[in-house]
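First up is the structure itself, then whatever we jot down about it.
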Amino acid sequence: MDKPLDLRAQPWFFCGIGGSGMLPLAQIVHGLGGEVAGSDRSHDQGRTQEKFGWLERNGFGLFPQDGRGVTSAEQIVVASAAVEDTVPEIVRAGDLGCPRMTRAELNAALFNAADTSIAIAGTSGKSTVTAMLGWIMHEAGRDPTIMNGAVMKNFVSPDSPFASAHVGGSALYVSEVDESDGSIALYRPSVGVLLNVSLDHKSMEELRTLFDDYLRASQACAVNWDEAEVRALAHDIDGLTTFALGMPEADLSVEPGSIMDQPTAVAATVIDRRDGSAQPLRLAMPGRHNLSNALAAIAGASAAGVPVEDAVAALGTFAGLARRFEIVGTTASGISVIDDFGHNPEKCAATLRTLKQHPGRVVAFFQPHGYGPLRQMGHELAETFARELGPEDVTILCDPVYFGGTADRSEGAERVVGLIEQAGGHAEYVPSREAVADRIAQLARPGDRIVVMGARDDTLTEFARELFARLD
């Protein structure tokens, strides 16, 4: 365990304070007594003002992203590793000699200082499992502090509408950990959970090295035995708790034939091979990938000392996450609009498979979360949409998210639409999101499921709600 940070000793300034990675950390630092201010390009551009209004009302200082909020050499300036050195706050911090931390360095410092630390890693499912594990620990009376990248509905209240973090005690810290920037190497978990290893921001060779090191840095591990890549990494590691849907030799699995898929829920009987016990589980969220996520959370909790029976019971009241297969509404004619965070091949495949388990055409709108990721995984994304959707379904892509900066924008969504068509799918390129709404309104017919997919853009939720209102 590392020496705890004294969060009250110096003021903190978060560059990009409204982002999905920064906001929960700022909430944790503020909730534990730190003085917090920040800036955000989205605030300057007038986007998601409800969030920034809430921050100001709750004692967070907000400044334009022009450097004026960095005023003292005492401030610790926190920015993601991706923030350019030309951003005014970073320039000003350099001029004043302010200490700097990346988002990951701050989170790792808080995590490693806890008596018990539970990390959730993998290229898909981290936020869901982090929320599940955090809720289990909360229900078990362990008073966790939880760092997540998504709003956890169980912790939402009128006073905390943006609950992507939950501030509890300092003894237990639960956090998703990120492989995309290599920062997973900073963490030394009491329990390390590994969900999957698949293509996202890095090559498979880089991912295998990062996740192998992560498992070996963990005192105990909970790993997904359904995944061949995970089995290969974990086969010689002691202190494993294994979980799987399709491998009965795993410590935690489900009784064959017990899975019940419903449009908005999934149920199964959880089997603990270690003592032969069986527990009925019902999740108020659909999809077998979420059943696997539940097993991961139960396994992680078990490795941290929570009885399986208690973990299963807690998940019976798990309310889910914002933007994880979140049903915005269903019209009188049976058109459903779903808001979803899917942005890499595995996440998109899980969502599309869940939709295809039930009748009705799928209209999938995908907003790429950046030009770089689209270059990295464009072929795999195209294969996913072509493979998972049928001839009657439609995929629509618009231009990638771009809020400024130096990204190479030479390859965009048009290329992926062409690749989907080449692979036998039905796809359309519609450059602007406003035009996408018009196109979906033209296409929509009774019984359709319209899914809005993408990451790194809070306004997608607003888009999904406005689209539903237009169709209702």
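The values are calculated or read from the model by the stated rules, or taken from the named source; none is laboratory data. Because the structure is predicted, anything quoted here is derived from the model rather than measured. Glycine gets a Cβ as well: all are built from the backbone with ideal geometry, and neighbour counts include every protein chain shown. The area values use the complete protein model at the heavy-atom level, side chains included, leaving out ligands, DNA and RNA. Shrake-Rupley method; radii C 1.70, N 1.55, O 1.52, S 1.80 Å.
Here region 242-252 is the region considered, the condition is being touching a residue at least 40 places away in the same chain (Cβ under 8 Å) and either assigned to a strand (DSSP E or B) or exposed (fewer than 13 other Cβ atoms within 10 Å of the Cβ) (or both), and the residue that is nearest to the chain's Cα centre (by Cα) is 243. Criterion applied to 7, 32 was being hydrophobic (A, V, I, L, M, F, W, C) and surrounded by fewer than 19 Cβ atoms within 10 Å (Cβ to Cβ), and the one residue passing it is 32. Take the conditions open to solvent by less than 10 Å² (accessible area, probe 1.4 Å) and not β-branched (Val, Ile, Thr) and apply them to residue 63. Does it pass? Answer is no for this residue.
Among the residues of region 96-118, those that are part of a strand (DSSP E or B) and either of a type in the set (Ser, Thr, Tyr) or in contact with a Pro (Cβ under 7 Å, 6 or more places away or on another chain) (or both) comprise 102, 116, 117, 118.
Condition check ((1) touching a helix residue (DSSP H, G or I) at 6+ places or on another chain (Cβ under 8 Å); (2) not aliphatic (A, V, I, L, M)) across all residues:
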residue	(1), (2)
360	no, yes
374	yes, no
388	yes, yes
402	yes, yes
432	no, yes
438	no, yes
441	yes, no
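One residue alone among 80, 42 is more than 21 Å from residue 160 (Cβ to Cβ) and touching a Ser or Thr at 6+ places or on another chain (Cβ under 8 Å), and that residue is 80.
Among 279, 219, 262, which is the only one that is touching a Ser or Thr at 6+ places or on another chain (Cβ under 8 Å) and surrounded by fewer than 16 Cβ atoms within 10 Å (Cβ to Cβ)?
Numbers: 279 fails: surrounded by fewer than 16 Cβ atoms within 10 Å (Cβ to Cβ); 262 fails: touching a Ser or Thr at 6+ places or on another chain (Cβ under 8 Å).
That would be 219, the only listed residue that is touching a Ser or Thr at 6+ places or on another chain (Cβ under 8 Å) and surrounded by fewer than 16 Cβ atoms within 10 Å (Cβ to Cβ).
Quick one: how many residues across region 143-153 are over 21 Å from residue 325 (Cα atoms) and either of a type in the set (Val, Ile, Thr) or surrounded by fewer than 20 Cβ atoms within 10 Å (Cβ to Cβ) (or both)? Before you say what the answer is, go through the steps one by one.
Step one: of region 143-153, the residues over 21 Å from residue 325 (Cα atoms) are 143-146.
Keeping just the survivors that are either of a type in the set (Val, Ile, Thr) or surrounded by fewer than 20 Cβ atoms within 10 Å (Cβ to Cβ) (or both) gives 143, 145-146.
Final tally of qualifying residues: 3.
Looking at the structure I just gave you, is residue 404 part of a loop (DSSP other than H, G, I, E, B), open to solvent by less than 80 Å² (accessible area, probe 1.4 Å) and modelled with pLDDT of 95 or more? Give the steps one after another, and end with the answer.
Numbers: part of a loop (DSSP other than H, G, I, E, B): yes; open to solvent by less than 80 Å² (accessible area, probe 1.4 Å): yes; modelled with pLDDT of 95 or more: no.
In short, no.
Taking the conditions (1) more than 22 Å from residue 183 (Cβ to Cβ); (2) under 21 Å from the mean Cα position of the chain (by Cα) in turn, residue 20 satisfies each one other than (1).
If you scan region 115-126, which residues turn out to be within 25 Å of residue 5 (Cα to Cα) and either of a type in the set (Val, Ile, Thr) or open to solvent by 10 Å² or more (accessible area, probe 1.4 Å) (or both)? Full working, then the answer.
Filtering region 115-126 for residues within 25 Å of residue 5 (Cα to Cα) gives 115-121.
If the condition is that a residue be within 25 Å of residue 5 (Cα to Cα) and either of a type in the set (Val, Ile, Thr) or open to solvent by 10 Å² or more (accessible area, probe 1.4 Å) (or both), then 115, 116, 118, 120 are the ones that fit.
Strands (runs of 3 or more DSSP E) fully within region 253-353 that include at least 2 residues being touching a residue at least 60 places away in the same chain (Cβ under 8 Å) and out of contact with any Pro (no Cβ under 8 Å at 6 or more places or on another chain): 326-330, 336-340. Of all residues in region 206-226, exactly one satisfies the criterion of being assigned to a loop (DSSP other than H, G, I, E, B) and among the hydrophobic types (A, V, I, L, M, F, W, C), namely 225. Of the residues making up region 10-29, those that are more than 22 Å from residue 94 (Cα to Cα) and either open to solvent by 50 Å² or more (accessible area, probe 1.4 Å) or assigned to a helix (DSSP H, G or I) (or both) are 20, 23, 24, 25, 27, 28, 29.
Every residue, every condition in (1) farther than 30 Å from residue 379 by Cβ; (2) open to solvent by 50 Å² or more (accessible area, probe 1.4 Å); (3) more than 19 Å from the chain's Cα centre (by Cα), yes or no:
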site: 267; (1), (2), (3): yes, no, yes
site: 304; (1), (2), (3): yes, no, yes
site: 313; (1), (2), (3): yes, yes, yes
site: 325; (1), (2), (3): no, no, no
site: 331; (1), (2), (3): yes, no, yes
site: 345; (1), (2), (3): no, no, no
site: 354; (1), (2), (3): no, no, no
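Condition first: in a helix (DSSP H, G or I) and farther than 20 Å from residue 19 by Cα. Can you find one or more residues in region 443-453 that meet it? Give the steps one after another, and end with the answer.
In the first step, residues of region 443-453 are kept if they are in a helix (DSSP H, G or I); the result is 443.
Next cut, farther than 20 Å from residue 19 by Cα only: 443.
Checked against the condition, which is being in a helix (DSSP H, G or I) and farther than 20 Å from residue 19 by Cα, region 443-453 yields at least one hit.
Only one of 386, 364, 437, 464 is in a helix (DSSP H, G or I), modelled with pLDDT of 95 or more, within 18 Å of residue 346 (Cα to Cα) and open to solvent by less than 30 Å² (accessible area, probe 1.4 Å); which?
Going through 386, 364, 437, 464 in turn, the sole match is 386.
For region 161-205, the set of residues classified as assigned to a loop (DSSP other than H, G, I, E, B), open to solvent by 20 Å² or more (accessible area, probe 1.4 Å) and hydrophobic (A, V, I, L, M, F, W, C) consists of 162, 167, 171, 199, listed by residue number. Filtered by the rule that a residue be at pLDDT 95 or above and of a type outside the set (Val, Ile, Thr), region 34-47 gives 34, 35, 37, 38, 39. Could you check, for region 77-95, whether at least one of its residues is in a strand (DSSP E or B) and open to solvent by 30 Å² or more (accessible area, probe 1.4 Å)? Within region 77-95, not a single residue is in a strand (DSSP E or B) and open to solvent by 30 Å² or more (accessible area, probe 1.4 Å).
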